[in-house]
1. How many residues does segment 134-155 hold that are of a type in the set (Gly, Ala, Ser), surrounded by 10 or more Cβ atoms within 10 Å (Cβ to Cβ) and either in contact with a His (Cβ under 6 Å, 6 or more places away or on another chain) or assigned to a strand (DSSP E or B) (or both)?
2. Evaluate segment 103-111: report whether one residue or more is open to solvent by 40 Å² or more (accessible area, probe 1.4 Å), assigned to a strand (DSSP E or B) and either over 20 Å from residue 38 (Cβ atoms) or of a type in the set (D, E, K, R) (or both).
3. Run residue 128 past the list (1) touching a strand residue (DSSP E or B) at 6+ places or on another chain (Cβ under 7 Å); (2) in a loop (DSSP other than H, G, I, E, B); (3) not aromatic (Phe, Trp, Tyr) and report the number of the one that doesn't hold.
4. Looking at (1) within 24 Å of residue 147 (Cβ to Cβ); (2) modelled with pLDDT of 85 or more; (3) not in a strand (DSSP E or B), which is the only condition residue 23 fails?
5. Within the bounds of segment 56-65, is there any residue that is over 22 Å from residue 36 (Cβ atoms) and either at pLDDT 90 or above or open to solvent by 50 Å² or more (accessible area, probe 1.4 Å) (or both)?
6. Search segment 114-133 for residues being modelled with pLDDT of 90 or more and open to solvent by less than 80 Å² (accessible area, probe 1.4 Å), and hand back the single one that is farthest from the chain's Cα centre (by Cα).
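The values are calculated or read from the model by the stated rules, or taken from the named source; none is laboratory data. Keep in mind that what you see is a predicted model, and the values were worked out from it rather than measured. Please note: Cβ atoms are built from the backbone with ideal geometry, for glycine as well, and neighbour counts cover all protein chains shown. Only protein heavy atoms, including side chains, enter the accessible area calculation; ligands, DNA and RNA are left aside. Shrake-Rupley method; radii C 1.70, N 1.55, O 1.52, S 1.80 Å.
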Amino acid sequence: MFAAIAGAALGGVFAIRHVAATRARHESECRALTKALDKTVRARSPRFFEGIVEHTFDREKGRCLASLEYHYKPCNATLLKKTPLLCTGPDADIAIYTFNDGGASPLFICERTYETGEARCTESVYGNDGSLLSSREFPPDQFPAIKAELIKPKP
């Protein structure tokens, strides 16, 4: 009887350690994916000024989520001449991405133009194979609640 109790206790300890190791691995992988995505996005824009990068592993859905928020410098004459299309882009954007086999897919994107006060937000829905099924616009004032729901602050 004592051996059975000891065996069950030992099995429980190993199970707890396995779960903790799996969570730590998911967190580490998610952090690495988020860093790589951030580095890629920053490298594409000479207008980059500042950014806020967050990530979380959604255990319920078994996926990594990354939140990337960027603010850009206004275009100067040189940049306007060199990359005019880049200068027509937003002054700030924020997006929440999920990672799948094919790379990162944006779930929510909001873009803001300060001069006009315009903001536009889009939600995208993807199938199990990673293909875009649909997208819809939503009011920009809903984004903070959506982000708080998905990217919960770490305790």
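1. 1
2. yes
3. (1)
4. Result: residue 23 fails condition (2) only.
5. So far as segment 56-65 goes, yes, one or more of its residues are over 22 Å from residue 36 (Cβ atoms) and either at pLDDT 90 or above or open to solvent by 50 Å² or more (accessible area, probe 1.4 Å) (or both).
6. Filtering first and then ranking leaves 119.
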